[in-house]
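Chemist: Dropping the structure in here first, questions after.
The values are calculated or read from the model by the stated rules, or taken from the named source; none is laboratory data. Computed from a predicted structure; not experimentally measured. For neighbour counting, all protein chains shown are included, and Cβ atoms are generated from backbone atoms with ideal geometry for every residue, glycine included.
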């Protein structure tokens, strides 16, 4: 039995919200007997065995679609898109909808850099939380894109936010001592966050690492810290810093290199392989 559109949409949303992954394959063309809009879903719930919902009408088609959905889900860059399967001379055109566990962005500090960061995080699909100890800064008016805005004590910053493997923590408080206190807390949680980033100069970061080593943290724990935070794009303004940090978050999530595409592809060199240039 095929999967109805409304049921497929519910599976995608609910699975991602609950920390699982889901892929729905929809027939959009081809030479198979599968009717257009037939759907099948591959659901990997958090801590649960994978399940299949729906059918494309024949076991070989279902098996091929499931294999494709597994492959796309295993690729960090796998996303929505068209795919073509050739099964025993039968062509099947599928559109895949991919949903991964909802990722959280916890911004510690509600200053001028945090505002564009919260906006960028929301655009990238993160569930955004903003924490600050100043009631005039930790307001919904200043952070309309955030899921929650908390007034928090930096001695116990994550009291109202549980950190886990889908958490991305950004430390952008108004002072080094607050960043450091929150960093120590983030490093000591039982389920390490996917990302910990801290703003600061190289000198400040070096001083932080020295202090962490003196407190007994090891090299592996230090390697988890992204500091100074962001990719080098020459950022100066709060908005530019937000772009730099957002780029690094995407790099971590998708497994990119952070290299300029121009440098990576070197297209111009293909036109002048011997170094000859047009005069």
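Chemist: Quick check on the range 58-73. Is at least one of its residues assigned by TED's automatic domain parsing to the domain that holds residue 19 and in a loop (DSSP other than H, G, I, E, B)?
Modeler: yes
Chemist: Is it true that residue 85 is in contact with a helix residue (DSSP H, G or I) (Cβ under 8 Å, 6 or more places away or on another chain), closer than 30 Å to residue 137 by Cβ and in a strand (DSSP E or B)?
Modeler: For residue 85, the condition - in contact with a helix residue (DSSP H, G or I) (Cβ under 8 Å, 6 or more places away or on another chain), closer than 30 Å to residue 137 by Cβ and in a strand (DSSP E or B) - is not met.
Chemist: Could you identify the single residue in 245, 250 that is touching a residue at least 40 places away in the same chain (Cβ under 8 Å), in contact with a helix residue (DSSP H, G or I) (Cβ under 8 Å, 6 or more places away or on another chain) and not in a loop (DSSP other than H, G, I, E, B)?
Modeler: Of 245, 250, the one residue that is touching a residue at least 40 places away in the same chain (Cβ under 8 Å), in contact with a helix residue (DSSP H, G or I) (Cβ under 8 Å, 6 or more places away or on another chain) and not in a loop (DSSP other than H, G, I, E, B) is 245.
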